[in-house]
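I have placed the structure first, in the form of structure tokens, so that the comments after it can refer back to it.
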Amino acid sequence: MTMTRKIRKAVLPVAGLGTRFLPATKAVPKEMLTVVDKPVVQYVVEEAMAAGIEHFVFVTGRNKTVIEDHFDIQVELEATLRERGKTVELKSLEDMLPKAGATSFTRQQAPLGLGHAVWCARDIVGDEPFALLLPDMVMRDKVGCLSGMVELYNKVGGNIVAVSECDPELAHKYGIVGKGEELDGGFRITGMVEKPAKGTAPSNFYINGRYILQPKIFEILSKQERGAGNEIQVTDAMLKLADEQPFSAYAFGGQTYDCGSKEGFILANVAFALDREDIKPLVADGLRHLIAGA
Ligand code: G1P
């Protein structure tokens, strides 16, 4: 069995401006937009909690303080719920709350790319492997995506990226990996490319926004080299890291919703609404009528 250090910390980059969702995101961070009745970022934190993450490092920016408030106690609200006997609502607040001292917030300061955001977490993460979760991407599956990755990591060690399959027409929007030797639950990666030009992607396996990375990545990112879109890219740093350390892909079997796009966000709302027994009948009925009349 490969010796692996436990993945205790997760980095969540939440500094993006959310321009694709204006005017909704003028005063509300895009990570706080709701899928059914939970903010997008809460789905991602819950996925990380289920995978055993103990500390959450948010890389934030200006106008993001409500994210910090969301993951804190709201004394008056909780007292009112308790007084009114609203135990279900109270429990829903308690279940999502990271433990005291289990969150850190640091600011990216300048929008220099995802790789730069990750690098901003270097001191808080320190010298240990960590998870990286992009809150735009919301996963739907019985076993959380990160839990499946941790299972693979415990077998093969090294670095892991989760991949989903996309329509080849959409490959230019993502980081794409090349497929090598099969593993139980995934495969070895032969290469990676960030936002390949149309028609040049090595496969249709795209990096879906979940990573397990060794701390060496910070050293590579500190060189601050620019890549696609003139931004400091995690994918480029991973490609360099792959020269010296194993990289594997975890083939995620569930659905990935890109909530950074309007279509993905709307589909996530529909899918998670249909998962909820309390609202499913009316939503399903309404959707059937809408589609029949479309
Ligand atoms: C980032 C990553 C990309 C990945 C994508 C998933 O791109 O750089 O490799 O496929 O997230 O959402 P971004 O969405 O920040 O352009």
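The values are calculated or read from the model by the stated rules, or taken from the named source; none is laboratory data. Note that the coordinates shown come from a computational prediction; the quantities given were computed from them, not determined experimentally. All Cβ positions, glycine included, derive from the backbone under ideal geometry; neighbour counts span all protein chains shown.
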What are the pairs with Cβ atoms under 8 angstrom where one residue, in the range 120-136, is farther than 27 Å from Ala268 by Cα and among the small types (Gly, Ala, Ser) and the other, located anywhere, is assigned to a loop (DSSP other than H, G, I, E, B) and at pLDDT 95 or above? Sequence gap at least six, or different chains. Gly126/Pro215
Tell me yes or no: at least one residue of the range 112-133 is buried (at least 23 other Cβ atoms within 10 Å of the Cβ), aromatic (Phe, Trp, Tyr) and in a strand (DSSP E or B). yes
Got a number for residues in the range 100-114 being in contact with an Asp or Glu (Cβ under 9 Å, 6 or more places away or on another chain) and more than 28 Å from Val234 (Cβ to Cβ)? 0
Would you say Val163 is in a strand (DSSP E or B) and touching a Phe, Trp or Tyr at 6+ places or on another chain (Cβ under 9 Å)? yes
Taking the range 267-287 on its own, how many of its residues are within 19 Å of Leu134 (Cβ to Cβ) and free of Cβ contacts under 8 Å to residues at least 24 places away in the same chain? 1
With respect to Gly144, is the statement that it is within 24 Å of Phe218 (Cα to Cα), at pLDDT 95 or above and either surrounded by fewer than 23 Cβ atoms within 10 Å (Cβ to Cβ) or in contact with a Pro (Cβ under 7 Å, 6 or more places away or on another chain) (or both) true? no
Could you please find all residues in the range 148-160 being in a strand (DSSP E or B) and either under 14 Å from the mean Cα position of the chain (by Cα) or not polar (S, T, N, Q) (or both)? Ile160
Subset of the range 242-257 (residues that are over 21 Å from the mean Cα position of the chain (by Cα) and among the aliphatic types (A, V, I, L, M)): Ala242
The one condition Pro196 fails out of (1) over 20 Å from Val138 (Cα atoms); (2) away from the ligand (no atom under 13 Å from the Cβ); (3) not aliphatic (A, V, I, L, M) is (2)
Give Val41, Val14 a once-over and let me know the one that is within 25 Å of Lys280 (Cα to Cα), at pLDDT 95 or above and either away from the ligand (no atom under 16 Å from the Cβ) or not polar (S, T, N, Q) (or both). Val41
I'd like the full set of residues that are within 16 Å of Glu76 (Cα to Cα) and touching a helix residue (DSSP H, G or I) at 6+ places or on another chain (Cβ under 9 Å), limited to the range 86-100. Lys86, Thr87, Glu89, Leu90, Leu93, Glu94
Just checking, does the range 265-275 include any residue being closer than 19 Å to Ile176 by Cβ and touching a strand residue (DSSP E or B) at 6+ places or on another chain (Cβ under 8 Å)? no
Give the range 157-193 a look and list any residue that's more than 13 Å from the ligand (Cβ to nearest atom), closer than 21 Å to Pro215 by Cα, crowded, with 21+ Cβ neighbours inside 10 Å and not polar (S, T, N, Q), or say none. Ile160
